[in-house]
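Have a look at the structure below, then the notes.
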Amino acid sequence: MINGRFIAIGDVHGCVDELATLIEKLEIKPEDQVIYLGDLVNRGPDSHGVISLARKTATVAIVGNHELRLLKYRQTGSNSALQANDRKTLRQLTSKDWKFIEQMVPYHYVPEIDTVFVHGGFLPLRAWENQPLAITANIQVLTSDGKPAKRKDFPNAPYWADFWPGPPFVVYGHTPRDEIYEKPQSIGIDTGCAGGGKLTAYCLPEKKIVQVPATRAYYPMNHLKSKNQ
Ligand SMILES: [Mn+2]
């Protein structure tokens, strides 16, 4: 028996105003479960503000590759992998924010709807449960020999989701597109808010999309057609 909704929220990337508007629009009820798909930080103006809002609304948050980079720095003290926008975020984060980031999980599976929520995705045609974060937080496309890869390194390679047979149904972010990417057994809901696209939420079981357009492009995203550069 399902009472509330399962509400997935795509990559927020510091877009605090758009997240606040989305939360308002969703009219979240106590029986709803809110699942953040990761990459709450970087690119947009206010990573701290986003985590503050997420802390108040999240049932669970999935770790994204951007949080993984921050966590690695925090754990090792090595700043060799840090990017410029990581440094800006690191200056914003409070100890409460870190506590939230440290509680982010690799994925979240909901048996009632046979659906798994993850940041990047899964390698198709093998068990999904034990795939490492190196894959699940990063995968976008598949190379011709079936390896996980970044879209920008293999711009003509097919998306992993094109080969995902399901079940389970997969709800994911990480790969920004102009529009959601819906397949029979998956949906990608990163619609590039920080690049001037929109912030997307996906509500199950009713399969409803709720979106908020970005106020502006905060960060250039080459693969988005609209409103950036
Ligand atoms: Mn990502």
Inset, instruction - Please specify each residue of segment 177-196 satisfying the condition of being surrounded by fewer than 23 Cβ atoms within 10 Å (Cβ to Cβ) and touching a Ser or Thr at 6+ places or on another chain (Cβ under 8 Å). - result: Arg177, Asp178, Glu179, Ile180, Tyr181, Gly196
Inset, instruction - Restricting attention to segment 140-150, report how many residues are within 26 Å of Ala194 (Cβ to Cβ) and either away from the ligand (no atom under 16 Å from the Cβ) or free of Cβ contacts under 8 Å to residues at least 24 places away in the same chain (or both). - result: 4
Inset, instruction - Would you confirm whether any residue within segment 151-162 is touching a strand residue (DSSP E or B) at 6+ places or on another chain (Cβ under 8 Å), among the aliphatic types (A, V, I, L, M), within 14 Å of the ligand (Cβ to nearest atom) and within 22 Å of Lys225 (Cβ to Cβ)? - result: no
Legend entry - Asp17, sole failed condition from (1) open to solvent by 60 Å² or more (accessible area, probe 1.4 Å); (2) over 18 Å from Gln211 (Cβ atoms); (3) touching a residue at least 12 places away in the same chain (Cβ under 8 Å): (2)
Inset, instruction - Using the structure shown, decide if Lys88 is open to solvent by 20 Å² or more (accessible area, probe 1.4 Å) and within 16 Å of the ligand (Cβ to nearest atom). - result: no
Inset, instruction - Please enumerate the residues belonging to segment 125-147 that are over 21 Å from Gln185 (Cβ atoms) and surrounded by fewer than 12 Cβ atoms within 10 Å (Cβ to Cβ). - result: Pro132, Ser144, Asp145
Inset, instruction - Considering every residue within segment 61-68, establish whether at least one is within 16 Å of the ligand (Cβ to nearest atom), of a type outside the set (D, E, K, R), touching a Cys at 6+ places or on another chain (Cβ under 8 Å) and under 20 Å from Lys88 (Cβ atoms). - result: no
Inset, instruction - Could you grab me the full set of residues in segment 2-14 that are touching a residue at least 40 places away in the same chain (Cβ under 8 Å) and farther than 26 Å from Pro220 by Cβ? - result: Ile2, Arg5, Phe6, Ile7
Legend entry - Set Val210, Val170: member being modelled with pLDDT of 95 or more, surrounded by fewer than 19 Cβ atoms within 10 Å (Cβ to Cβ) and either part of a loop (DSSP other than H, G, I, E, B) or not small (Gly, Ala, Ser) (or both): Val210
Legend entry - In segment 109-124, residue most open to solvent (accessible area, probe 1.4 Å) [restricted to those that are more than 16 Å from the ligand (Cβ to nearest atom) and of a type in the set (A, V, I, L, M)]: Ile113
Inset, instruction - Filter the helices (runs of 4 or more DSSP H) completely within segment 26-125 down to those with at least 1 residues that are modelled with pLDDT under 95 and basic (Lys, Arg). - result: 65-76, 84-92
Legend entry - Total residues in segment 4-42, condition away from the ligand (no atom under 14 Å from the Cβ) and among the small types (Gly, Ala, Ser): 3
Inset, instruction - Filter segment 180-207 down to residues that are within 23 Å of Pro155 (Cβ to Cβ), of a type outside the set (Ser, Thr, Tyr) and assigned to a loop (DSSP other than H, G, I, E, B), then give me how many there are. - result: 5
Inset, instruction - Return yes when Thr76 is over 17 Å from Ile9 (Cβ atoms) and under 20 Å from the mean Cα position of the chain (by Cα) and no when it is not. - result: no
Inset, instruction - Would you please list the contacts, defined by Cβ atoms under 6 Å and residues six or more apart or on different chains, that run from a residue in segment 165-176 that is without any contact (Cβ under 8 Å) to a residue 60 or more places away in the chain to a residue that is part of a loop (DSSP other than H, G, I, E, B) and within 14 Å of the ligand (Cβ to nearest atom)? - result: Thr175/Gln140; Thr175/Asp190
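The values are calculated or read from the model by the stated rules, or taken from the named source; none is laboratory data. Everything numeric here is computed off the predicted structure, so don't read it as measured data. Virtual Cβ from ideal backbone geometry, glycine too; neighbours counted across all protein chains shown. SASA here: full protein model, heavy atoms, side chains in, ligands and nucleic acids out. Shrake-Rupley method; radii C 1.70, N 1.55, O 1.52, S 1.80 Å.
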